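**Student:** Questions regarding the structure given below will be posed in turn.
Derivation of every value follows stated rules applied to the coordinates shown; laboratory data play no part. What you see is a predicted model, and the numbers here were worked out from it, not measured in a lab. All Cβ positions, even for glycine, are placed from backbone atoms using ideal geometry, and neighbour counts span all protein chains on display.
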Amino acid sequence: MERVKLNPMVRERDNHKCHFCKRNVHEVCNEVKGGNTLHHIIPKRFGGKDEPENLITICCYCHQKLEVIISKMLKEIGFNKQSPTSQTKFPNGNFPTENIIGINRNLENG
């Protein structure tokens, strides 16, 4: 399914609320360009798909925090941000999905 068609479907599924802070993304990020954001749980650059199961609604503020955390994590495991590809090799051979899920849980808990 095309991402353009997925956007409203995923936002509706998530009741237009940020996955982390639970605020309405339209109210929180109304004046910020791209404020009503969907986030790939497994990034597309690592093989993540544009599928509802891999997308969550996230506000502009939580998205910014998440990107900083993920960038630090990737740097710690030796990922070169200049050349992201789905063929990037990680220590265990796979994208660190469990680390991302852990980051999600940490953000959810404050």
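**Student:** Of 25, 10, 68, how do they rank once you tally other Cβ atoms within 10 Å and put the fewest first?
**Tutor:** Fewest-to-most ranking of 25, 10, 68: 68, 10, 25.
**Student:** Between residue 27 and residue 9, how many nm apart are label points set 7 Å from Cα along the C-beta direction?
**Tutor:** In this crude spin-label approximation the distance works out to 2.8 nm.
**Student:** Set the bar at 28 Å for Cα to Cα. Now go through 17/75; 5/75; 17/72 and name every pair that lies beyond it.
**Tutor:** In this structure, 17/75; 5/75 lie more than 28 Å apart at Cα.
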